[in-house]
Amino acid sequence: MAKFKAKKQNIAIDMTPMVDLAFLLITFFMLTVKFRAPESLEVHVPSSIADTPLPAQDIMVISVAPDSSGGGGRVFFGVDSKHTRLAILEKIQERYGYVFDDREKQLFSVLPEIGVAFEQLKAYLNLSEAERKAFDKHTSIPIDSTNNQLGQWILFARYSNPKIRIAIRSDEKTPYPVIARIIETLKDQKVHRFNLITTLEAQPKS
Amino acid sequence: MAAEVGGDSGAPKKGKKSGKAHKPKKRPRIDMTPMVDLGFLLLTFFVLTTTMSTPNTMPVVVPPKITEKDEVEPPKISERKVITLLVSRGKIYYYTGIENPELHVTDFSPKTGIRKTLLERRAEVEANYGKDEMIVIIKMMDDAHYRDFVDILDEMAVINQKKYALVDITPEEKELVEEYRKTMEKTS
């Protein structure tokens with residue numbers, strides 16, 4: 001009964017529940033938000049019905065980007081943690097005899113993905129950011145059978161973090177022989193279990 | 001007892017309600033509109049920056065390499081339980097058995113494609129040998145895309161096929177597909 005008395009004055013909508021709702025949603029999104037990691041590579045992954053989320057930790061990602069010339073794929077390598085990256089760089093120093101200074105180490109530890117041969121790594125780390133981006137458009141980790149550096153990367157990463165899991169993130173148009181080489185490389189490293197990164201697709205009704 | 005309790009709690013509530021009705025008249029109103037504006041602005045920001053499509057992963061297990069040193073032979077399987085898929089770009093050539101393979105072709109279309117073929121073959125094997133006896137051998141051809149690879153593994157997940165193996169294609173099978181393609185060109 002008391003409600004109708006308000007009609008005498010001009011209509012005022014009570015905004016309080018709306019504010020409550022808005023702030024509730026803000027809180028929710030603020031807490032769940034995970035900003036998109038800057039990705040150096042644009043990879044269009046295929047969709048599948050697999051619904052297991054990618055673990056955020058202890059993961060190494062072998063990315064295969066499309067080649068601008070159309071054929072083949074360019075292989076990149078990335079691990080999740082800064083710590084592992086530094087440990088890998090140590091291993092590269094030991095194995096190949098390159099010496100990296102503190103600035104180069106610092107830069108290497110923040111780069112999410114690396115796609116250059118070991119020989120070029122030092123020069124790559126001395127490029128400016130724009131130059132690195134341009135460089136990333138046409139480089140790859142060598143995966144030929146005579147010079148398979150991807151195997152070395154995997155070996156170093158597993159040395160640095162024995163718990164690490166392997167995921168392949170490939171462009172859907174990558175020719176299969178490239179994938180076959182990567183799987184072959186993994187087999188040579190005695191890795192028989194790995195993951196393929198996909199986007200979710202609805203499960204068909206059976 | 002229950003009725004009494006109900007009656008007791010009901011009475012004071014009514015009293016409170018009538019007391020409340022007088023209060024809002026005197027309370028100063030705060031204009032919430034700017035707050036709502038701000039709230040929704042922030043809300044929009046967070047909604048847009050949230051990564052909604054978190055990547056998913058599909059597990060793959062590949063058989064270990066067998067070298068001469070290992071002194072293990074690859075596992076033998078009965079040809080009657082096998083279906084071999086030769087996956088090309090968007091197309092699947094398949095044959096059943098091992099001796100005298102007769103090639104057929106299908107694709108990834110959901111109703112009439114490979115799923116139907118696999119389910120039919122499974123029903124056949126199940127009738128003769130029991131459940132979960134069918135073995136799918138997947139061989140990827142060089143002209144296939146990564147997409148085809150994911151699609152075929154996806155098919156395995158869709159029909160819940162546990163026994164499948166990823167094997168390298170043999171030169172004989174490549175020839176077989178070449179021949180099949182030629183005969184198809186002639187007839188069409």
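So what is the relative contact order of segment B:123-168, in percent, for Cα pairs below 8 Å that sit 6 or more residues apart?
51 percent
Taking the Cα centre of segment A:47-200 as origin and charging only Cβ (+1 Lys, Arg; -1 Asp, Glu), how large is the dipole, in debye to the nearest 20?
Computed about the Cα centre, the dipole is about 320 debye.
With everything on Cα atoms, drop me the angle between helix A:82-96 and the longest principal axis of chain A, reported from 0 to 90° to the nearest 10.
That works out to roughly 10 degrees.
How far apart, in nm, are two points set 7 Å out from the Cα along the Cα-to-Cβ line at A:Glu119 and at A:Leu24?
Distance between label points: 6.3 nm.
For segment A:47-200, what is the percent of antiparallel DSSP beta bridges, rounded to the nearest 5?
So the antiparallel bridges in segment A:47-200 amount to around 45 percent.
Please give me the summed charge of the neighbours of A:His83: other residues whose Cβ is under 14 Å from its Cβ, Lys and Arg +1, Asp and Glu -1.
Here the count lands on +2.
Under the definition of partner shielding as Cβ atoms of other protein chains within 10 Å of a residue Cβ, what is the mean value for peptide B:138-150?
Partner-chain Cβ atoms within 10 Å, mean over residues of B:138-150: 6.
Can you pick out the pairs among A:Lys187/B:Lys131; A:Lys105/A:Lys133; A:Lys187/B:Lys91; A:Lys133/A:Lys190; B:Lys111/B:Lys162; A:Lys187/B:Lys116 whose Cα atoms lie more than 25 Å from each other?
A:Lys187/B:Lys131; A:Lys187/B:Lys91; A:Lys133/A:Lys190; A:Lys187/B:Lys116
Can you compute the charge dipole magnitude of segment B:79-187 about its Cα centre, using +1 on each Lys and Arg Cβ and -1 on each Asp and Glu Cβ, nothing else charged? Give it in debye, rounded to the nearest 20.
Dipole of segment B:79-187, to the nearest 20 debye: 400 debye.
Multiply the residue separation of B:Arg89 and B:Glu185 by 0.36 nm, subtract the distance between their alpha-carbon atoms, and state the gained length in nm to one decimal.
Stretched out fully, the B:Arg89 to B:Glu185 stretch lengthens by 32.8 nm.
Under 8 Å for C-alpha pairs, at least 6 residues apart: give me the relative contact order for chain A, rounded to a whole percent.
30 percent
Figure the gain on full extension for B:Thr33 and B:Ile77 (residue separation times 0.36 nm, minus the Cα-Cα span) and round it to one decimal in nm.
8.6 nm
May I ask for the net charge around B:Glu124, where only other residues with Cβ less than 11 Å from the Cβ of B:Glu124 are counted and Lys, Arg are +1 while Asp, Glu are -1?
That sum, taken over residues with Cβ under 11 Å, equals +1.
Let me know the mean shielding of B:152-161 by other chains, meaning the per-residue number of their Cβ atoms within 10 Å of its Cβ.
Taking the mean over all residues of the peptide, I get 3.
Nearest 0.05, what FRET efficiency do A:Thr52 and A:Ala12 give at R0 = 45 Å with Cβ-Cβ as r?
Once rounded, the FRET efficiency stands at 0.35.
Kindly rank A:170-177, B:131-138, B:75-82 from highest to lowest mean number of other beta carbons found within 10 Å of each residue.
Going by the mean number of other Cβ atoms within 10 Å, highest first, we get A:170-177, B:131-138, B:75-82.
Where does the charge balance sit around B:Lys91 when Lys and Arg score +1, Asp and Glu -1, over other residues with C-beta under 12 Å from its C-beta?
Value of the local net charge: -2.
In peptide A:45-56, how many Cβ atoms from other protein chains are near each Cβ within 10 Å, on average?
The shielding value for this peptide is 5.
Compute the helix-to-body angle for A:16-32: its Cα long axis versus the longest principal axis of chain A, expressed 0 to 90° and rounded to tens.
Compared with the principal axis, the helix lies near 10 degrees.
Using the Karplus curve 6.51 cos²θ - 1.76 cosθ + 1.60 with θ = phi - 60°, work out ³J(HN,Hα) for each residue of segment A:48-60 in order, rounded to whole Hz, and write x for Gly and Pro.
Result, rounded to whole Hz: 8, 8, 4, 10, 7, x, 5, x, 8, 10, 6, 9, 10.
Readers should treat all values here as calculations from the given coordinates under stated rules, not as data from a laboratory. Keep in mind the model is a prediction, meaning the values are calculated, not measured. All Cβ positions, glycine included, derive from the backbone under ideal geometry; neighbour counts span all protein chains shown.
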